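Visitor: Take this structure, written in structure tokens, and hold onto it; I'll ask about it next.
The values are calculated or read from the model by the stated rules, or taken from the named source; none is laboratory data. Quantities reported herein were computed from a predicted structural model and do not represent experimental measurements. Note: ideal-geometry Cβ built from the backbone for every residue, glycine included; neighbour counts use all protein chains shown.
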Amino acid sequence: MRRFAVVLGAALPVLGVTGAWAENVVIRIEAKRGGDAAAQTATAWAAQFPDVVTFPAGDNWVAIALGPMPREQATGRLAELKQAGKVPGDSFIASAEGRDLTPAGAAPAPTATTDAAPADTAIPAGAGSTFPQATATPAEPTQTLPADPVLNAPVAAADSAAPATQPDPAPAAPEQFFLRLESSADRAKAEEILAKWRQSLPEAGLWTLPNGRLAVGFGPMDEATGKAWLKAFRAAGAVPKDAFLAPGKDMGEITIIGARPELGAPPAADAAPVPMPPLQDIQSALRWAGHYDGAIDGKDGPMTQKAIAEEILRLRTSPDPASAMQELLRRREAWRAEAGLETLRDDHTGLELPAPMARLQFDRTERQLSIYGPKDGSGAALILFSQPGGQQEMLDLAGLVTALGWVPAPQRRVERGSITLDGRNQTHIGHAEGRVVEGMVQGFVLIWPAQDAESQRRIATEISDRLARFAPGNGTAPTDMIPAN
């Protein structure tokens, strides 16, 4: 460690992490491959949010986002939306600068005299429920319209000029089911229970059962979907062991209305099984999404299984683990396409890695280090290191990183052949990783503005997963990176 301290005590880069980083950003909530699919999805999101935009994300992907808005506003809004379960759990903040933002097209407005109420106007319940009734203006003041069997809303009036024919009987509405979570005979206690459940399942509602008890329920859904998701919820420990699927007719009357949850359908019974991605890829993607902090070892341990089950509930795309993990990997690929990471090949250390070069610029080399400082006041910095050594040299280098303040007040995780440091203060987040690989200590330090923790975590994961050696490293600065005098 002493050989580093002499040089680096005076060589600490001016990182500029305290500088302002004012910019407009968007909250990236989803991505679709192809313009038609993206437009359809964006229109659906626009029914919930007034500021939905789309923009190209590379390789025929189109990103769907909210904004633009100042980063400070976006940070608070994203936290609130995630807490309320209104956006996917892996939604993140991305820069709006340089993007071709296109507002989502508004959905066609229904015609008041002919269209039934939209499908999310009310939630179907059992017989005798008191969900709000949706109404439409009849074509003639004296005409009585039949009720829609699902929404209890009037259906469209027939054209008076059309020939009188006997309409085909409407198919019976499928029976709806609810997850029964918990109940109480006391109204105040039941409302407390509902408030607790809405922290994890914000769509939950409260029913008065035929026997007078009050029950917290989550739904509606068809029976096959309900059975599959009940299994998924149990696997994640997200519902009580005695939770069960109840038909809507057994739920009584709604007391406090909830919302219709958006749950992906289970695979069809005759569909070919979706292959499970390699566990190592799953672990890495779970860490990228911020829901796994274990080893990336490809082992099917309880920590990995718990993270998979919890991620299924966050995504809500499918109760099938393989389908949900395929979707998680797809989301990560879509993020990579729009994150602006470039392959950095650093001749001085011999290391290759993905790096956010739009926010970094080469500063200098010092002995076994390559230092990249902030570009245009971005507040970001990257330090790469490579030297011969083993466990002790790795620990010495970690101590130096701490002493220089690159990772403030770090939490250390030390294993044989590897070390990870994480820390933050009011201005920046520091993350460092060191590994002993074939007699060399190699790794990186990523410094990032504190207000953009989501991007910091994901970029650190990308670097960690793809850091590789392409050359021995020769201790000389690459000629194409040395600033001109």
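Visitor: Checking the structure you have, find out if any residue of the range 372-395 is basic (Lys, Arg) and either out of contact with any Gly (no Cβ under 9 Å at 6 or more places or on another chain) or without any contact (Cβ under 8 Å) to a residue 12 or more places away in the chain (or both).
Guide: yes
Visitor: Same structure again: Of all residues in the range 236-262, count the ones that are in contact (Cβ under 8 Å) with a residue 60 or more places away in the chain, part of a loop (DSSP other than H, G, I, E, B) and either surrounded by 15 or more Cβ atoms within 10 Å (Cβ to Cβ) or touching a strand residue (DSSP E or B) at 6+ places or on another chain (Cβ under 9 Å) (or both).
Guide: 11
Visitor: Just for the range 186-225: of the residues that are outside any strand (DSSP E or B) and either assigned by TED's automatic domain parsing to the domain that holds GLU80 or touching a Gly at 6+ places or on another chain (Cβ under 7 Å) (or both), which one is surrounded by the fewest Cβ atoms within 10 Å (Cβ to Cβ)?
Guide: PRO210
Visitor: What's the total number of residues in the range 55-102 that are within 22 Å of LEU313 (Cβ to Cβ), at pLDDT 80 or above and in a loop (DSSP other than H, G, I, E, B)?
Guide: Going through the range 55-102 one residue at a time, the tally reaches 5.
Visitor: Tell me whether the range 263-273 contains one or more residues that are more than 18 Å from ARG336 (Cβ to Cβ) and outside any loop (DSSP other than H, G, I, E, B).
Guide: No - not one qualifying residue is present in the range 263-273.
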